[in-house]
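*Asks:* The structure that follows is given in the form of structure tokens.
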Amino acid sequence: MFKGRHFDRSVILLCVRWYLTYGLSLRDLEEMIFERGIRLDHSTIHRWVVHFTPMLFTAFNLRKRSVTHKWHLDETYIKVRGEWLYLYRAIDKTGATVEFHFSKNRDLPAAKRFIRKALARHGRPAQITIDGSATNRTAILEGDMEARLTLPTAANDQEPITIRNSKYRNNRIEQDHRRIKRRIGPMLGFKSEACADVILGGIELVNMIRKGQLDIADRRNPPIADQFESLAA
């Protein structure tokens with residue numbers, strides 16, 4: 001993963017983790033690394049984040065713990081170059097992140113892509129709570145129907161996913177959105193949709209590690225830094 005890099009892997013991973021985890025701008029991080037005696041341009045840190053985050057995320061997904069069968073689903077707003085885009089997210093009843101999907105549009109096709117992604121990775125839940133969105137309800141119904149058609153004939157008679165419409169009961173995921181928003185603030189906006197997609201994935205990755213969603217042999221809850229670096233091992 002780090003072959004041919006001018007800087008040591010420990011420096012690269014430190015910069016990537018700090019940027020995704022804490023409320024720092026790239027220039028803040030450049031100054032902090034310089035205090036450690038390392039002269040590094042902030043644009044280099046940005047390139048590291050964009051390049052290595054997808055690899056770390058792929059490694060995480062291979063070791064992600066399973067989620068429960070009761071989900072909460074919602075979307076939130078993310079600004080990119082002055083335009084509002086949408087981050088679809090789902091968590092389970094314990095607060096663990098189920099799945100997320102970044103989209104330019106907030107419509108039925110986008111919602112269905114998110115549902116298909118979640119069902120493909122985690123299987124069909126017993127119940128999904130939404131805030132009353134008719135679009136999300138239709139996406140769940142159609143996505144579930146597609147998923148059930150792929151099941152063996154003997155399993156096709158499974159009950160459809162139960163959909164609960166409750167804005168109050170969906171406050172749990174509204175609170176979880178704040179984790180993402182708090183980190184995005186100091187970044188001073190995203191320059192492109194592709195860049196935003198990668199960095200949001202990295203922020204979600206760190207939050208999932210914080211929630212204990214990385215399957216590790218050490219049950220003593222090692223520091224986030226150790227878990228993060230294990231993904232690059």
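*Asks:* From the set of residues in segment 116-154 that are of a type in the set (Gly, Ala, Ser) and over 24 Å from Lys64 (Cβ atoms), which is modelled with the highest pLDDT? Walk me through it before giving the result.
*Replies:* Residues of segment 116-154 that are of a type in the set (Gly, Ala, Ser), as a first pass: 118, 120, 123, 126, 132-134, 139, 143, 147, 154.
Pick out the ones that are also over 24 Å from Lys64 (Cβ atoms) and you get 132-134, 154.
Details: Gly132: 84, Ser133: 88, Ala134: 93, Ala154: 49.
Within segment 116-154, the match that is modelled with the highest pLDDT is Ala134.
*Asks:* Further question on the same structure: In this structure, is Pro125 exposed (fewer than 14 other Cβ atoms within 10 Å of the Cβ), touching a Lys or Arg at 6+ places or on another chain (Cβ under 9 Å) and of a type outside the set (Asp, Glu)? Lay out the reasoning, then the answer.
*Replies:* Values: exposed (fewer than 14 other Cβ atoms within 10 Å of the Cβ): no; touching a Lys or Arg at 6+ places or on another chain (Cβ under 9 Å): yes; of a type outside the set (Asp, Glu): yes.
Against the criterion (exposed (fewer than 14 other Cβ atoms within 10 Å of the Cβ), touching a Lys or Arg at 6+ places or on another chain (Cβ under 9 Å) and of a type outside the set (Asp, Glu)), Pro125 does not qualify.
*Asks:* Give all pairs with beta carbons closer than 6 Å in which a residue from segment 179-199 that is in contact (Cβ under 8 Å) with a residue 12 or more places away in the chain meets a residue that is exposed (fewer than 15 other Cβ atoms within 10 Å of the Cβ) and in a loop (DSSP other than H, G, I, E, B); count only pairs at least 6 apart in sequence or on separate chains.
*Replies:* Between residues of segment 179-199 that are in contact (Cβ under 8 Å) with a residue 12 or more places away in the chain and residues that are exposed (fewer than 15 other Cβ atoms within 10 Å of the Cβ) and in a loop (DSSP other than H, G, I, E, B), the close pairs are Pro186/Gly23; Pro186/Ser25.
*Asks:* Considering only segment 63-106, state which residues are among the aromatic types (Phe, Trp, Tyr) and modelled with pLDDT under 95.
*Replies:* Of all residues in segment 63-106, those among the aromatic types (Phe, Trp, Tyr) come to 71, 77, 84, 86, 88, 100, 102.
If the condition is that a residue be among the aromatic types (Phe, Trp, Tyr) and modelled with pLDDT under 95, then Tyr77, Trp84 are the ones that fit.
*Asks:* Okay, next question. Out of everything in segment 112-126 that is of a type in the set (Gly, Ala, Ser) and assigned to a helix (DSSP H, G or I), what residue ends up being nearest to Val98 (Cα to Cα)?
*Replies:* Of the residues in segment 112-126, the ones of a type in the set (Gly, Ala, Ser) are 118, 120, 123, 126.
Filter once more, keeping what is assigned to a helix (DSSP H, G or I): 118, 120.
Numbers: Ala118: 7, Ala120: 11 Å.
The selected residue is Ala118.
*Asks:* For segment 53-62, does any single residue satisfy the condition of being surrounded by 12 or more Cβ atoms within 10 Å (Cβ to Cβ) and farther than 30 Å from Asn136 by Cβ?
*Replies:* yes
*Asks:* State all residues of segment 1-49 that are within 15 Å of Ala232 (Cα to Cα), of a type in the set (Lys, Arg) and either free of Cβ contacts under 8 Å to residues at least 40 places away in the same chain or in contact with a Lys or Arg (Cβ under 6 Å, 6 or more places away or on another chain) (or both); if no residue qualifies, say none.
*Replies:* Scanning segment 1-49 gives Lys3, Arg5.
*Asks:* Which one of Leu151, Leu141 is farther than 22 Å from Arg63 by Cα, assigned to a loop (DSSP other than H, G, I, E, B) and of a type in the set (A, V, I, L, M)?
*Replies:* Values: Leu141 fails: assigned to a loop (DSSP other than H, G, I, E, B).
Matching residue, one of Leu151, Leu141: Leu151.
*Asks:* Still on this structure, please answer the following. Picking from Ser43, Ser10, which residue would you name as being loosely packed, with under 12 Cβ neighbours inside 10 Å, closer than 28 Å to Asp215 by Cα and touching a helix residue (DSSP H, G or I) at 6+ places or on another chain (Cβ under 9 Å)? Lay out the reasoning, then the answer.
*Replies:* On the way: Ser43 fails: closer than 28 Å to Asp215 by Cα.
After applying the criteria, what remains is Ser10.
The values are calculated or read from the model by the stated rules, or taken from the named source; none is laboratory data. Every value quoted in this text rests on a predicted model; they were computed, and no experiment measured them. We place every Cβ from the backbone using ideal geometry, glycine too, and count neighbours over all the protein chains shown.
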